[in-house]
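Down below is the structure, laid out as structure tokens.
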Amino acid sequence: MIVGPTAGGKSALAVGVAKALGERLGVAGGGAGAEIVTADSIQIYRGLDIGSAKPTEAEREGIRHHLIDVVEPTERFSVDAWLELAERTIGEITGRGAVPVVVGGTHLYIKALLEGLFEGPEPDEALRAELRAMDAAARRADLERVDPRAAARIHFNDERRTVRALEVFRKTGRPISDWQTQWDSARGRTDCVLVGVEWRVEELNRRINARVKGMIERGLVPEVRGLWEAGRLGPQAREALGYKQLAEHFEGRTGLEGAIEAIKIETRRFAKNQRTWLRRLKITPGSVWVQMPEGGEGDVAQRLVDQMLRIDAARVPPGVIGSGDGGGPGKG
């Protein structure tokens, strides 16, 4: 499993790891011995391509990718649905004698795959409608009052997660943050190596700004306009970074330059929130954390495969690979 912040080069690294695994496992031509399972809550939508940084066919380099383009952007999609698909897909890949390389993305998906899910209450559509009808500021104040830990990690404008957190509290009398500390460990996985990608904040912010600029140049604005005009942006897909800000521009609520700047700001904020998730995942036993070099991935994929195969064989304590070392446990 490869995790890390947005714009951190995870997709390219996953392809490199898959190819290196294929070569190391003696598969002719490399790559055929590993397949990629995407853990991304936006790349699952058809048509949300540029803004989700969905890897193109050329970028996939012949490596088979799964859980991309799964549903229409008008549909809702839950972590439970993704987990069911992911577990089935991983089983199919291993059944073919190949190695699954999970990459994300959406750290809730990763955590669910690692540790299972808590058994929360069933959706209550009437209650959800009542919560959605609340004034946004009042709804936020209610969340901060009943579950300050959830409020600290849920963005003010994230209506869907705010509503779910309040729904869980009203149905159970317990904050969702309490429920989420009681993951169903029986469904968790111990048959994997977790790899975390880390960047210096300043360098990551530079990469985020460059990525947004590149997305605009590759046609993000017409992509979102086409989806918006066709009515294909459902309430969940519309909240995706880039799509939300440009949809607001098309609705006359902001100018184009303002929308583009908002995408950069919100993406940097999202990366900051991701760092919280990464700190939680960093305590995973046997995990490997990569301090990425400013110049790019370099030979990190090859060194990661060496490290992962050693961990898989010996289950050594967590190690850190620095940008200039040989990738041994405890270095960096």
In the stretch 62-125, carbon and sulfur make up what percent of the accessible area (probe 1.4 Å)? 47 percent
Contour minus Cα-Cα distance for E57 and R76 (0.36 nm per residue): 4.3 nm
Whole number in Å², please: accessible area per residue of the stretch 227-313, 1.4 Å probe, ligands, DNA and RNA not counted. 48 Å²
Please list L241, L204 from largest to smallest accessible area, probe radius 1.4 Å, with all protein chains kept in place. L241, L204
If you wrap a convex hull around the C-alpha atoms of the chain and split its volume per residue, what is the figure in Å³? 140 Å³
Pairs of Lys in the chain closer than 17 Å at Cα, counting only those 8 or more apart or on different chains: 13
Here the residues of the stretch 76-115 lying in the modelled label zone of R132, meaning backbone nitrogen under 16 Å from a point 7 Å along Cα-to-Cβ, are 76-78
Set the Förster distance to 45 Å, then compute FRET efficiency between T172 and A230 from the Cβ-Cβ distance, nearest 0.05. 0.70
Could you give the angle, 0 to 90 degrees to the nearest 10, between helix 256-281's Cα long axis and the longest principal axis of the Cα atoms of the chain? 60 degrees
Mind checking the per residue accessible area of the stretch 82-141 for me, 1.4 Å probe, whole number of Å²? 44 Å²
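The values are calculated or read from the model by the stated rules, or taken from the named source; none is laboratory data. The structure presented is a predicted model; accordingly, all values stated were derived computationally and were not measured. Because the Cβ atoms are built from the backbone with ideal geometry, glycine has one as well, and the counts that use them run over all protein chains shown. These area figures cover heavy atoms from the full protein model, side chains too; ligands, DNA and RNA do not enter into them. Shrake-Rupley method; radii C 1.70, N 1.55, O 1.52, S 1.80 Å.
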